[in-house]
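Let me begin by presenting the structure, written as structure tokens, before commenting on it.
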Amino acid sequence: MLPEPSFPARPADFVGREREVEGFKAALRQSVATLRMASFAVLGEWGIGKSSLLLKLADCCRGAHPPMLPVHLSISQDMGDYLRFAESLCDKLADALAASDSLTTRLRTEVRNWKFKRVNAGPLTVERDCQRFLTSGSALLRHVLTDAWRQFVRPARFAGAVFFLDDLHNLALASGDAALTIRDQFQAFGIEELNYSVCFSAKADYFSGTLSFAEPAVRFYNKLVLAPFTPEETFKYATAVFGSDPRKVQALSDWLYEKTVGHPYFLAFISRELLAKGNHPPNQLWPEIFIRLEREKFQADLAQLSEKDIALLRALAAAGEHEFAPAPFARNFQYEYFRRLTERGLLIREGRGRYKLYHPLFRVFLQQAK
């Protein structure tokens, strides 16, 4: 396996997360009997492997018996309302159906024709064959997914479809919480015996602001909270990258875990550099690797920050504590700075009033930076 820190892992190269994958597979097996597939929320910080896990779970759908149709949509920040989200999801459903090996040639042709029946005109969506005006995202999804179930999903012998939504936190709805809106829609599909479900990824604290007013949305999703790799998972990753000699890999795995604390992005970055530089002791290569990590990652982290933001980060790094509260820094830095740096992923909120820098290597960089 060749490490690619800037891209999600291919399903064939996926390592670790066995508990999460097995839990999803168990839900797939149960859905065969209940005709209702559970929905999932994959939660974690930047670089922890959320997108990679979504691709792996989508691959599990293809291998199920009978198969579930996986539909993948990456949520961007410019997807500003539920109607645009619904339109994008409908397009991705049509693409997934057309690309599936389960469809006959006739059905695949019908899917392509079906996709282009919709004409988007500003805020309105017109169905040419029935002249319905679908003015909301909920109405559009209800109409299209019901139609797709009847015309394509069941005739192709899919057990249902799972919609994989990457980075749902980017979907900011004026009407409230996106997870609650999606939950209401997909729970209705289940009641109507349309086996559609959702598996989305989002930041680790995605539900923290909804516990008091959207508890049904919290309960609806099986939550998979991703932590850094364990030493055992780090060893499996090192074996996949560097070979199967257990003595050589164990020593390298221990060194990698010491540097990265099991963080998948940093594991991939450092492993890529070790492979590129040949058969040299890791400690000998580390200064050069860290310089490249500074240039490609840490300096980019700081590039869009204000001088005051950077001053706070350096003050936190100099404090020498693993976790810290805003109070000791309040004289020079308002709470707003903590909130903004948390939104950017540079601080992690550990609990009420407690924060930490997102990785120890970032702390080292801040301590050394002038």
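The values are calculated or read from the model by the stated rules, or taken from the named source; none is laboratory data. Remember, it's a predicted structure, so these values are computed and weren't measured experimentally. Neighbour counts are summed over all protein chains in view; Cβ atoms, including those assigned to glycine, are modelled from backbone coordinates with ideal geometry. Areas reflect the complete protein model, heavy atoms only, side chains present, ligands, DNA and RNA absent. Shrake-Rupley method; radii C 1.70, N 1.55, O 1.52, S 1.80 Å.
Quick look at the numbers
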{"read-out": "The one condition in (1) among the polar types (S, T, N, Q); (2) more than 17 Å from Arg17 (Cβ to Cβ); (3) in contact (Cβ under 8 Å) with a residue 60 or more places away in the chain that Gln284 fails to fulfil", "value": "(3)"}
{"read-out": "Which numbered condition Glu321 misses (of (1) of a type outside the set (S, T, N, Q); (2) more than 30 Å from Phe207 (Cα to Cα); (3) open to solvent by 70 Å² or more (accessible area, probe 1.4 Å))", "value": "(2)"}
{"read-out": "Scope region 240-259; condition among the hydroxyl-bearing types (Ser, Thr, Tyr) and crowded, with 19+ Cβ neighbours inside 10 Å; matching residues", "value": "Ser253, Tyr257"}
{"read-out": "Any hit, region 48-55, residues being in a strand (DSSP E or B), modelled with pLDDT of 95 or more and touching a Ser or Thr at 6+ places or on another chain (Cβ under 6 Å)", "value": "no"}
{"read-out": "Condition check for Leu69: in a helix (DSSP H, G or I) and touching a residue at least 60 places away in the same chain (Cβ under 8 Å)", "value": "no"}
{"read-out": "Residue match in region 52-66 (condition: in contact with a Gly (Cβ under 8 Å, 6 or more places away or on another chain) and of a type outside the set (S, T, N, Q))", "value": "no"}
{"read-out": "Tally, over region 78-116, of residues that are open to solvent by 70 Å² or more (accessible area, probe 1.4 Å), polar (S, T, N, Q) and part of a helix (DSSP H, G or I)", "value": "2"}
{"read-out": "Residue in region 260-274 that is open to solvent by 50 Å² or more (accessible area, probe 1.4 Å), in a helix (DSSP H, G or I) and without any contact (Cβ under 8 Å) to a residue 60 or more places away in the chain present", "value": "no"}
{"read-out": "Test for Phe158: is it modelled with pLDDT of 90 or more, closer than 24 Å to Tyr206 by Cβ and open to solvent by less than 50 Å² (accessible area, probe 1.4 Å)", "value": "no"}
{"read-out": "Complete set of residues in region 21-48 that are small (Gly, Ala, Ser), within 17 Å of the chain's Cα centre (by Cα) and open to solvent by less than 20 Å² (accessible area, probe 1.4 Å)", "value": "Ser39, Ala41, Gly44"}
{"read-out": "Checklist (1) open to solvent by 50 Å² or more (accessible area, probe 1.4 Å); (2) modelled with pLDDT under 85; (3) closer than 30 Å to Tyr265 by Cα applied to Asp129, failing item", "value": "(3)"}
{"read-out": "Qualifying residues in region 1-20 (those that are within 15 Å of the chain's Cα centre (by Cα) and among the hydrophobic types (A, V, I, L, M, F, W, C)) - the one most open to solvent (accessible area, probe 1.4 Å)", "value": "Phe7"}
{"read-out": "Close pairs from region 314-333: first closer than 15 Å to Tyr358 by Cβ, partner of a type in the set (Ser, Thr, Tyr), Cβ under 7 Å, at least 6 apart", "value": "Glu323/Tyr355; Phe324/Tyr355"}
{"read-out": "Leading residue by the ranking (farthest from Gly160 (Cα to Cα)) among those in region 180-197 that are open to solvent by 10 Å² or more (accessible area, probe 1.4 Å) and of a type in the set (S, T, N, Q)", "value": "Thr181"}
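One line per residue, one yes/no per condition, for (1) surrounded by 14 or more Cβ atoms within 10 Å (Cβ to Cβ); (2) more than 18 Å from Tyr206 (Cα to Cα):
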position	(1), (2)
Ala327	no, yes
Asn332	no, yes
Tyr335	no, yes
Arg340	yes, no
Glu343	no, no
Lys356	yes, no
Leu361	yes, yes
Phe365	yes, yes
